[in-house]
Structures are given as structure tokens and as C-alpha cells.
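Trainee: Before we start, here is the structure in question, set down as C-alpha cells.
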Amino acid sequence: MIRVLLADDQTLVRAGFRSILSDEDDIEVVAEAATGEAAIAGAREHRPDVVLMDIRMPELDGLEATRRIAGDPALGDVKVIILTTFDLDDYVYGALRAGASGFLVKDTEPAELIHAVRVVARGDALIAPSITRRLIAEFAGRVKRPEPGPELNALTEREREVMTLVAGGLSNDEIATRLVLSPATAKTHVSRIMTKLGVRDRAQLVVIAYEAGMITPGWLTP
């Protein structure tokens, strides 16, 4: 069962998401929060698999709440999906760097919402849908890139190749097909890359790839 926490200051939005998700046999909404502080407290109390986190909330916004959840070792298994719109600024990109596992647009279709929760719950980042890749590409192109850390030097040539494909939004199966590998081998490469770079999930691999110049904003793998 996938356990979900809904964090949004609008009661109707939370009710709508709860109604959609509760209809699924494998998803359970275990808590709701109307503020960032309440979202953090709820994550600590209920240890959900996924938090759907709105950005604009009172007391503490969703971005800072995401940073605190992602930075808490006790909540290492809790994944955050940011609820956003197209008119947000560069802080959205910062949320990915802070540990968010992806984006959802507020008016997303029910099927997309359900798919997103399942994808993130199983440990993948929500980077395959074109909307997330466009957002990442746009914000990555607008922010000042820090110098990539020395950890990248520890990657093998094959691992760099795999990381570039991850940044393009390919799944493990698609990477395996592209590089003529078994899916298990592709998954192993991705896991080793995350371990070497010390990141939580694939979303942060995407950020690092852009920052390191391994892939340029606007490049999307067909």
C-alpha cells in the first residue's frame, strides 16, 4: 500500500486529490496538512511514502518544508512531489536540488496524478513526463550553475553515459535498450551512480547532469 500525505492550504484541493487517490486499491491517504510546518510534522508522524507538497502555504512554504524533509535522515524514505504551475520562478529548480522527486501541475489529469504517486513511491523520479523535463530544462537554463563537485570524477565512462540518459528522462528499460544492456544492469548502473554522488533519487541526478554541462537545457530525448 502506498501511503500519501497531502499538503495544501486549500481544503477543496486536498479533498479533490483525496477523492482521486482513495479510489485506487494500492493508495491510501494517511494525513493532510494545510501548512509547511504541519507537512513536516505529518511526515515525521506518519512516515508516508509520498508527500504531495504545494509551494504556497502559510507559516512555512512548501519549498522550505521540502528541504527540511529531504534533509532529515529519519525521513530518508519519504519522497516529495512539488505541486506547481508554469508561472513559478527559479525556486522550483531549487526544490529539485533540495530533494524533491518531481513536479505535478495543479490541474493535472487524475490518471497523471495516480501515475506520479506510483512512480515516485517505487523510487523513480518523476522526470519522464514531458512537462517535468520542460520545467527542469527551463529552470536549469535560467539559474546560475555552481561548479560540479569532484564526485563526478569517480564515475566511469559508462556511468556518465547512463547518467546523461537519465537526465534525458529515460527509464531503466529505455536505457537498457539504448545501450544494449539488460534492465537489471541498467538499474545497477543507476544505483551505483546515485551512491557515488550521494543523491536521493533520479531527480537529483538530472540536476547534477545539467549543472555539470553533461546535458544542455532544451535537449530532450525523443
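Trainee: What number of residues within segment 103-134 are at pLDDT below 60 and not in a loop (DSSP other than H, G, I, E, B)?
Mentor: Kept after step one, since they are at pLDDT below 60, are these residues of segment 103-134: 127-133.
Now drop any that are not not in a loop (DSSP other than H, G, I, E, B), which leaves 130-133.
Going through segment 103-134 one residue at a time, the tally reaches 4.
Trainee: What residue, among those in segment 32-55 that are of a type in the set (A, V, I, L, M) and open to solvent by 10 Å² or more (accessible area, probe 1.4 Å), is nearest to Leu6 (Cα to Cα)? Quick ask: steps written out before the conclusion?
Mentor: In the first step, residues of segment 32-55 are kept if they are of a type in the set (A, V, I, L, M); the result is 33-34, 38-41, 43, 50-53, 55.
Now restrict to residues that are open to solvent by 10 Å² or more (accessible area, probe 1.4 Å): 34, 38, 41, 55.
Details: Ala34: 8, Ala38: 10, Ala41: 12, Ile55: 12 Å.
Per the stated criteria, the residue is Ala34.
Trainee: Return the total of residues in segment 178-201 being in contact with a helix residue (DSSP H, G or I) (Cβ under 9 Å, 6 or more places away or on another chain) and free of Cβ contacts under 8 Å to residues at least 24 places away in the same chain. It would help to see each step written out before you state the result.
Mentor: Narrowing segment 178-201 to residues in contact with a helix residue (DSSP H, G or I) (Cβ under 9 Å, 6 or more places away or on another chain): 178-179, 181-187, 189-190, 192-194, 196-201.
Now restrict to residues that are free of Cβ contacts under 8 Å to residues at least 24 places away in the same chain: 178-179, 181-185, 187, 194, 199.
Number satisfying all stated conditions: 10.
The values are calculated or read from the model by the stated rules, or taken from the named source; none is laboratory data. In this text the structure is predicted, and so the values were computed from the model without any measurement. For neighbour counting, all protein chains shown are included, and Cβ atoms are generated from backbone atoms with ideal geometry for every residue, glycine included. To get the accessible areas, we keep the full protein, side chains included, count just its heavy atoms, and leave off ligands, DNA and RNA. Shrake-Rupley method; radii C 1.70, N 1.55, O 1.52, S 1.80 Å.
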